[in-house]
Amino acid sequence: MLGLVLYAVVLTGTVAVLSKEIGHWSIGGALPGKPFERPIDGIVQELSQKVGRAYHEDVEINFNSAGNIEAFFHKDIRLLNGSVRQRGIKFEVAPDTGKVLWLREGLGSELRMLEASDALFRFLIDVHVRLHLPHPWGLLLTGVLGLAMMVAAISGLLIHRHLIRDMFTIRGRGQRVLTYRDQHSVAGTWGLPFAFLLAFTGSFFSFVGSFGLPVLAMVAFGGDQMAAIRTIVGTETLRPGVRRPTVNLDTVLADSRRRVGSMPVEVSIENYGRQNSRIEVTHYPREKHLDFPKLRYDGRTGEYLGTIPIVGRTQSLGSMLVSVIAPLHFGSFGGLLSKAVWVALGLSSSFIIISGLQLWLQRRTGAPAWSVYRALLSIVAFGLPIALAGAAIAFLVARGHEDMVTAPLSGFLFFSGCATLLGALLHLSRNTHLWWIALSIMLIALPVVRLLTGGVGWWQAIQNGYPTLVALDLLFLIAGVACGRAAFRGRDRQAVAVPRPAEET
């Protein structure tokens with residue numbers, strides 16, 4: 001059972017590597033490339049006049065999957081349970097016209113769940129990070145799975161006594177069972193470094209937020225997690241001070257682009273419109289770098305105050321290591337090329353888990369419980385990618401409607417139920433080619449449904465400077481054709497039969 005859940009985490013993580021690109025793809029070809037090259041200072045000033053001064057304590061500005069500006073004016077409040085949360089007003093604004101498309105007031109965590117444009121992107125990240133379970137149980141579970149994956153990687157390294165030979169050995173097609181086992185062995189040996197890296201970085205993310213930070217806050221800061229974060233990060237709380245105009249944001253962004261050489265991801269302003277305001281600009285990684293640099297400016301004069309480390313007040317080895325964990329985990333350090341490599345390695349890891357479970361299961365026959373598990377393995381192995389494709393299709397169909405926010409989860413649950421029902425009734429574990437056909441149909445349907453629901457065509461996407469949309473369409477079509485080819489060639493129509501030791505001898 002642990003293996004099935006680990007497969008779910010690895011496969012959803014493989015999809016999450018492209019979650020940002022899939023988010024833009026699902027909207028239909030908005031221009032996500034260089035959003036902060038457009039003037040935003042006038043828009044932010046106009047929005048600041050629509051909210052109370054109390055919400056000028058912090059301002060966060062970024063762009064969503066539709067290419068629209070998201071500006072969150074907020075302040076920190078302490079709830080009855082003692083936890084500190086962000087409360088304020090969030091705007092979604094068209095960058096070309098400055099028209100307010102959407103605004104809500106409330107807690108930041110609640111407002112995030114209401115953002116329609118990023119619903120699919122947010123769902124893909126959430127189902128990988130915490131399997132859509134309540135906080136902190138989802139993070140704890142994925143953290144435990146990360147540790148289990150590290151144990152598997154280390155034990156795999158020790159088990160393979162002929163590691164170099166196993167990396168290149170695949171026996172002939174005439175020995176189907178041995179070939180399948182060799183494919184599992186080759187994929188496993190080549191994927192050991194990646195499995196360890198993925199498990200370590202994933203465990204770090206899971207345990208820091210769900211276990212490490214609360215324990216540190218309880219032991220050293222009286223349970224105040226915000227105080228713990230401020231100490232770790234090295235920030236200080238600034239008093240509001242007298243009112244002074246904040247410097248032109250477009251000037252600050254132009255200077256930060258010149259210093260870093262990459263596009264900004266997010267802008268954060270503390271004490272907007274006050275004498276002692278501070279502006280922090282986070283950028284995409286520079287060329288040949290892994291970290292996301294963050295620059296700080298004086299909010300009143302625009303003076304450059306230096307680069308902010310992730311941990312502490314000055315650059316250190318610890319800060320450098322923490323800053324590269326996210327790019328290494330999601331493969332975002334080299335653009336689409338590194339993401340493509342991470343997707344390939346993620347699919348290979350998914351194959352390792354499923355093939356390992358299949359090979360292990362074939363030694364356990366006869367008992368009814370193993371027959372049930374064999375059916376469950378088939379349902380999860382094929383049903384999960386079918387359900388993920390179903391979540392995207394549901395979002396595309398619901399685009400522009402009120403249920404757009406909940407559509408990915410609804411589609412995921414609906415197609416999961418269909419896969420479970422069909423797998424149980426039709427004994428698809430014995431007819432694997434039917435699974436391949438179903439998965440092929442779902443993958444080919446993705447670009448078709450996108451176009452039928454108002455998505456832009458390939459030529460228009462290229463003209464808009466977004467060839468990634470075309471690349472994703474082609475990726476889904478090629479994957480669908482490959483699944484159909486696997487079905488009609490009769491691959492995996494019979495369960496893999498592992499010979500007993502006597503037979504091997």
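The values are calculated or read from the model by the stated rules, or taken from the named source; none is laboratory data. Small disclaimer: the values here were computed from a predicted structure and weren't measured. Backbone-built Cβ (ideal geometry, glycine too); neighbour counts: all protein chains shown. Just so you know, the surface numbers come from the protein's heavy atoms only, side chains and all, with ligands and any DNA or RNA stripped out. Shrake-Rupley method; radii C 1.70, N 1.55, O 1.52, S 1.80 Å.
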Checklist line | Residue in the stretch 70-92 that is farthest from Y272 (Cα to Cα), counting only those that are at pLDDT 90 or above and of a type in the set (A, V, I, L, M) | finding: I89
Margin query: I need every pair where a residue in the stretch 69-80 that is acidic (D, E) has its Cβ under 9 Å from the Cβ of a residue that is open to solvent by less than 10 Å² (accessible area, probe 1.4 Å), sequence separation at least 6 or different chains.
Written below: E70/I61; E70/N64; E70/F91; E70/V93
Notebook entry, point to check: Taking the stretch 307-317, which residues are open to solvent by less than 40 Å² (accessible area, probe 1.4 Å) and farther than 14 Å from H283 by Cα?
Noted result: G312
Next item on the list: Name every residue in the stretch 423-432 that is part of a helix (DSSP H, G or I) and surrounded by fewer than 18 Cβ atoms within 10 Å (Cβ to Cβ), in order of residue number.
Entry: A424, L425
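Has the stretch 346-359 got at least one residue that is assigned to a helix (DSSP H, G or I), without any contact (Cβ under 8 Å) to a residue 60 or more places away in the chain and open to solvent by less than 40 Å² (accessible area, probe 1.4 Å)?
The initial filter retains those residues of the stretch 346-359 that are assigned to a helix (DSSP H, G or I), namely 346-359.
When the remaining residues are screened for being without any contact (Cβ under 8 Å) to a residue 60 or more places away in the chain, the result is none.
Looking through the stretch 346-359, none of the residues is assigned to a helix (DSSP H, G or I), without any contact (Cβ under 8 Å) to a residue 60 or more places away in the chain and open to solvent by less than 40 Å² (accessible area, probe 1.4 Å).
Yes/no per residue for (1) open to solvent by 20 Å² or more (accessible area, probe 1.4 Å); (2) over 21 Å from E266 (Cβ atoms); (3) hydroxyl-bearing (S, T, Y):
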| site | (1), (2), (3) |
| --- | --- |
| S65 | no, no, yes |
| E70 | no, no, no |
| R78 | yes, yes, no |
| K99 | yes, yes, no |
| L103 | yes, no, no |
| E110 | yes, no, no |
| D118 | no, no, no |
| D126 | yes, no, no |
| L141 | yes, yes, no |
Next item on the list: Sort out which residues of the stretch 25-54 are open to solvent by 20 Å² or more (accessible area, probe 1.4 Å), modelled with pLDDT under 90 and in a helix (DSSP H, G or I), and write them in order of number.
Entry: I27, E37, R53, A54
Next item on the list: Pairs only if they're at least six apart or on different chains, beta carbon under 7 angstrom, first in the stretch 443-456 and closer than 16 Å to L474 by Cβ, second acidic (D, E); list them, first residue then second.
Entry: P447/D473
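Looking only at residues that are aromatic (F, W, Y) and part of a helix (DSSP H, G or I) in the stretch 436-485, which one is farthest from T14 (Cα to Cα)? Steps first, please.
Just the residues of the stretch 436-485 that are aromatic (F, W, Y), to begin with: 436, 458-459, 466, 476.
Filter once more, so that each one left must be part of a helix (DSSP H, G or I): 436, 458-459, 476.
Details: W436: 19, W458: 25, W459: 28, F476: 14 Å.
Applying the filter and picking the extreme gives W459.
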Margin query: List the residue pairs whose Cβ atoms are under 6 Å apart, where the first residue sits in the stretch 274-294 and is closer than 30 Å to G52 by Cα and open to solvent by 30 Å² or more (accessible area, probe 1.4 Å), the second is part of a strand (DSSP E or B) and acidic (D, E), and the two are 6 or more positions apart or on different chains.
Written below: R278/E270; K294/E280
Notebook entry, point to check: Only one of these conditions is not met by V343: (1) open to solvent by 30 Å² or more (accessible area, probe 1.4 Å); (2) modelled with pLDDT of 90 or more. Which number is it?
Noted result: (1)
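Quick one: which of A461, A486 is surrounded by 20 or more Cβ atoms within 10 Å (Cβ to Cβ), touching a helix residue (DSSP H, G or I) at 6+ places or on another chain (Cβ under 9 Å) and at pLDDT 80 or above?
Numbers: A486 fails: surrounded by 20 or more Cβ atoms within 10 Å (Cβ to Cβ).
Result of the check over A461, A486: A461.
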Margin query: The conditions are (1) open to solvent by 60 Å² or more (accessible area, probe 1.4 Å); (2) in contact with a helix residue (DSSP H, G or I) (Cβ under 6 Å, 6 or more places away or on another chain); (3) under 22 Å from V481 (Cβ atoms), and L451 fails exactly one of them. Which is it?
Written below: (2)
Next item on the list: Inspect all residues belonging to the stretch 397-413 and state whether any of them is surrounded by fewer than 17 Cβ atoms within 10 Å (Cβ to Cβ) and in contact with a Lys or Arg (Cβ under 9 Å, 6 or more places away or on another chain).
Entry: no
Item checked: Members of the stretch 128-139 that are part of a helix (DSSP H, G or I) and surrounded by fewer than 17 Cβ atoms within 10 Å (Cβ to Cβ) -> W137
Notebook entry, point to check: Could you count how many residues in the stretch 360-378 are free of Cβ contacts under 8 Å to residues at least 60 places away in the same chain and open to solvent by 20 Å² or more (accessible area, probe 1.4 Å)?
Noted result: 12
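Just wondering, is there one or more residues in the stretch 180-201 that are modelled with pLDDT under 65, over 23 Å from Q315 (Cα atoms), open to solvent by 30 Å² or more (accessible area, probe 1.4 Å) and among the basic types (K, R)? Steps first, please.
Quick first cut of the stretch 180-201, residues modelled with pLDDT under 65 only: none.
Within the stretch 180-201, none of the residues are modelled with pLDDT under 65, over 23 Å from Q315 (Cα atoms), open to solvent by 30 Å² or more (accessible area, probe 1.4 Å) and among the basic types (K, R).
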Note to self: Return the residues of the stretch 431-487 that are under 23 Å from L376 (Cβ atoms) and among the polar types (S, T, N, Q); say none if nothing qualifies.
What the structure shows: N431, T432, S440
Next item on the list: Give the number of residues within the stretch 398-422 that are in a helix (DSSP H, G or I) and under 16 Å from I22 (Cβ atoms).
Entry: 7
